[in-house]
Amino acid sequence: MNRTYCDDNMQEVHRRNWTHETLIPKLGIVTDIRIDTPDIKTFRVIGPDGGVCFSYIPGQCAMLSIPGVGEAMFSITSPPTNKDYMEFSIKKCGCLTEWLHQIDVGQQITIRGPYGNGFPVETDLKGKDLLFIAGGIGLAPLRSVIKYALHYRENYGNIDIVYGARSAYDLVYLREIQNEWRIAPNVNVYLTIDREQEGWTGHVGFVPDYVKELNFETDKTAIVCGPPIMIKLTLKALEELGYKKNQIFTTLELKMKCGIGKCGRCNIGTKYVCKDGPVFRCDQLEQLPEEF
Amino acid sequence: MLKIYKNKWPELFFKISCSRELYMPIEKDGQIWFGKWNEDAKVRFDELNTVKSPKDFFFPQSENIVAFKAKGKNISILEKRDESQPFVVFGIRACDAESLKILDRIFLAEPIDTFYKTRRENATIITLACSEPEETCFCSTFEIDPVNPGGDIATWIIDDVLYWQSLTKKGHTLTEDVKGLFEKADQQDEEKIYSHKKGVKVILSKLPLQDLSLEGFKNGNMLAIFNSPKWRELSQACIGCGTCTFICPTCHCYDIRDYDTGHEIQRFRCWDSCMYSDFTRMSHGNPRHSQIERFRQRFMHKLVYYPANNEGVFACVGCGRCILKCPVSMNIVKVARTWEANKALEVKNDE
C-alpha cells in the first residue's frame, strides 16, 4: 500500500527539530572595519550579547545580509579559537559588497550559519606539513586554517605559505603576515606580486609559476584558494612537482541562496557546494562535472 | 471501502470544508487549477492534469519567510510566517502524489525546511485514480500505479459513484467526520473497481510512451553523460523560458529576495529556474554561461544527480505537463529517447 513519506512515524522523528529554521538569520553587530587593500575590507562582527554569533570550524561560511540590499555567502576568516568575534574579509565586487564597504562601525547586519564542511583540521591535516597557496582574496578562507594551525602549533608540521596578488597594495593581512606568521616557528612565507612595482623588492610573478620555482617537497598537504584560473594552474603546477590529487584541498565558490543544499543553485553533479563543500579534496573534484 | 453517489458529492465537499480548507481541481477561465472549493466552484474530476501541480500547497510559488525593520544602524528581525491551517487537497493524481515524496526527500532532509514541513503535516491528501490516461502519460516508467494512487485517502470514480478508501491515520480522521454521507461498498462494487482498474491498465499499455526507458541513465557514468555532445543538439531549441520548471511537480529550486514594502523589508522565497541565465551568475562570472549548460543541468539533476543521492529514484513522475506546455516541444521524453537510441547503437556496435 502506498504511504506518504510524511506519515505518522516520520512526523515524530521530525518533531524533535521543530523550532529549528535555518533560513532565519540572527543579528550581528559590526564592531571594527579594517581597510586591507583598496577594494578589500575586513569586518569584525559580534552577536548582540557579544562574542561569536555561532561556533564553527575553519573553512566554514556564513550568510551575511543587509536587509533590502541582499544576502550572500562569505567565508569566515577568523579562526574558531577566537571566541570574542568573527571576521570577514570582503572584496568590493557586487551589490551587497559595495554596500558593506560603505557602512560604519556600529552597523547591524544579519548573519546565519555556519554552512559547509570546513577544512579537516582535526583529521587529514593534523600532523602534516602544510603548504598554503593563495591568490588575492583567496587568502581569506585560508587565514582561518593558518591561524588555527598556528594556535595549535604542536599539532601540525612545517607550514609554508605562498601568497600572491596583483600588486603590493592588493596583498591582504600584510601586517599580520609580517608580524605574526613570519616569525612563528617553522613557518615560511613567500609573497609575490604579478608585475614589477616601485619599492617592491620581493618576488614578482604569478603564483602557479612561483610554486613551481619553489620546488616544494611532495610530502606536504597543499591547500589552495584563489580565482578559478589561479586554482586551475596551481593544481597543474603541483602535479608537475609530483603532488597527487588526494594531497591537495581547495575551497570553491558558487552562487548560493539557502546554504543548506535545497535551493539548487550551487549544485555541481551530486554535490551541493554549500553543504558538501566548499572544501573539496582534488581527487573528489575530479569526479564532478567541471562547472566551477 | 466506502461509496458515495454523484448527487451527494456537493454535500461531501461542504462537510469537508466545514472543518478544513478544501482544495480541488476547479475550472477557472477555461483551465483547470487547484483552487479553494466553494458552492459555486466548477469541480473538474475529469481533467487529468491541473495547470500547476499541487506542489504549490507545500512549496508555494512565493512565500514570506522573515521581515526586517531598519532604523539608522539598527535592524530588528521580525519572525512572522504565514499561518498554516489543516487543509485537504482532493483529486491529486498518482503521479503528483508521488512527486510529494520526491520533494520530501529534499525539504524534510536535515536541516528540515519547517515551512514545508508544517504544510505537509497540515495536509490530508485525497488522491483520485486515473480513468482515462492520456498520450502524454508515462508514470509507469517510474513504477507509479495510476489506478492505486495512494495518499491519505484514495478514491476511484466509476460512472456516477465515487469510491473512497482511507489509508492512513490522517485519512481515518477525516473519514470519521464524513462517514455519515457514505454507503458501504459491497462485493459487487469491489468487482466493478477491479474490472475498471483492469480496463485502465489496458488503455495504459496502448499509450505511446509506455515503452519509455531510462535505463541509459541508470548506473551510468555521470561524467560521460555530462560530456555527451548530444546536449548541444537537444538544447538548441530551448529559449530558457522556464515554463517546464514552473509546471514540473518535482522542480524545487528557489530564490530568496528582499522587498521594501515601504514600512518594512520583507524577505521572501520564490520559485526559481535553473533554466535562467542569472541562476548561477556571480559578480565574478557565471559557470553556466550558455543555455546548453542550463538545459543540461535540469535533466542531469532529474535523471542522474538526484537518483545518485536518492537510491536510484528519478526526480520525474511522468505527469506529462512539460510535454504539453513547452513552447518549443522539448521535453524529458525527447532527452530519454535520445539516450535510448544511443544505448541501442552501443548494443549494436558491441555485437
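Listed values, structure above:
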{"read-out": "Every residue from the stretch B:69-105 that is under 30 Å from A:Thr31 (Cα atoms) and surrounded by 22 or more Cβ atoms within 10 Å (Cβ to Cβ)", "value": "B:Ile75"}
{"read-out": "Candidate set from the stretch B:286-314 (those that are at the interface with chain A (Cβ under 8 Å from one of its Cβ atoms) and over 20 Å from B:Thr338 (Cα atoms)); member that is surrounded by the fewest Cβ atoms within 10 Å (Cβ to Cβ)", "value": "B:Ala308"}
{"read-out": "Some residue of the stretch B:122-133 being surrounded by fewer than 19 Cβ atoms within 10 Å (Cβ to Cβ) and within 24 Å of A:Cys274 (Cβ to Cβ)", "value": "no"}
{"read-out": "Residue within the stretch B:247-259 that is farther than 30 Å from B:Trp164 by Cβ, in contact with an Asp or Glu (Cβ under 9 Å, 6 or more places away or on another chain), more than 10 Å from chain A (Cβ to nearest Cβ) and not in a strand (DSSP E or B) present", "value": "no"}
{"read-out": "Check on B:Trp231, more than 22 Å from the chain's Cα centre (by Cα) and either surrounded by 15 or more Cβ atoms within 10 Å (Cβ to Cβ) or more than 9 Å from chain A (Cβ to nearest Cβ) (or both)", "value": "yes"}
{"read-out": "Tabulated pairs, the stretch B:44-66, first modelled with pLDDT of 95 or more, second of a type in the set (Ser, Thr, Tyr), C-beta under 6 angstrom, 6+ apart or interchain", "value": "B:Phe58/B:Tyr116; B:Phe59/B:Tyr116"}
{"read-out": "Residue ranges of strands (runs of 3 or more DSSP E) in the stretch B:16-104 with at least 3 members hydrophobic (A, V, I, L, M, F, W, C), under 23 Å from the mean Cα position of the chain (by Cα) and not assigned by TED's automatic domain parsing to the domain that holds B:Asp272", "value": "B:21-28, B:31-36, B:87-92"}
{"read-out": "Residue within the stretch B:174-193 that is within 14 Å of chain A (Cβ to nearest Cβ) and either closer than 30 Å to A:Ile260 by Cα or surrounded by fewer than 20 Cβ atoms within 10 Å (Cβ to Cβ) (or both) present", "value": "no"}
{"read-out": "Candidate set: the stretch B:271-285, residues that are of a type in the set (Gly, Ala, Ser) and more than 7 Å from chain A (Cβ to nearest Cβ); chosen: the one nearest to B:Asn331 (Cα to Cα)", "value": "B:Ser273"}
{"read-out": "Matching residues, the stretch A:95-129, being surrounded by 14 or more Cβ atoms within 10 Å (Cβ to Cβ), in a loop (DSSP other than H, G, I, E, B) and more than 16 Å from the chain's Cα centre (by Cα)", "value": "A:His101, A:Ile103, A:Gln107, A:Asp124, A:Lys126, A:Lys128, A:Asp129"}
{"read-out": "Qualifying residue in the stretch B:127-134 (condition: in a strand (DSSP E or B) and either at the interface with another protein chain (Cβ under 9 Å from one of its Cβ atoms) or within 22 Å of B:Asn310 (Cα to Cα) (or both))", "value": "yes"}
{"read-out": "Filter result for the condition that a residue is modelled with pLDDT of 95 or more, among the charged types (D, E, K, R) and more than 25 Å from A:Ser89 (Cα to Cα), over A:Glu198, A:Glu239", "value": "A:Glu239"}
{"read-out": "Which listed residue, of A:Met63, A:Met86, is more than 13 Å from every other protein chain (Cβ to nearest Cβ) and at pLDDT 95 or above", "value": "A:Met86"}
{"read-out": "Complete set of residues in the stretch B:198-228 that are of a type in the set (Gly, Ala, Ser) and within 14 Å of chain A (Cβ to nearest Cβ)", "value": "B:Gly220, B:Ala224, B:Ser228"}
{"read-out": "Some residue of the stretch A:248-258 being of a type in the set (Ser, Thr, Tyr), within 14 Å of chain B (Cβ to nearest Cβ) and in contact with a Gly (Cβ under 9 Å, 6 or more places away or on another chain)", "value": "no"}
{"read-out": "Wholly enclosed helices (runs of 4 or more DSSP H) of the stretch B:161-230 bearing at least 3 residues assigned by TED's automatic domain parsing to the domain that holds B:Leu48 and free of Cβ contacts under 8 Å to residues at least 40 places away in the same chain", "value": "B:169-178, B:187-206"}
{"read-out": "Residue within the stretch B:32-39 that is hydrophobic (A, V, I, L, M, F, W, C), in contact (Cβ under 8 Å) with a residue 60 or more places away in the chain and surrounded by 13 or more Cβ atoms within 10 Å (Cβ to Cβ) present", "value": "no"}
{"read-out": "Check on A:Val189, in the same structural domain as A:Tyr148 (by TED's automatic domain parsing), modelled with pLDDT of 95 or more and not in a strand (DSSP E or B)", "value": "no"}
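The values are calculated or read from the model by the stated rules, or taken from the named source; none is laboratory data. Predicted model only: the values in this text are computed from it and were never measured. Every residue, glycine as well, gets a Cβ built from its backbone with ideal geometry; the counts of neighbours run over all protein chains shown.
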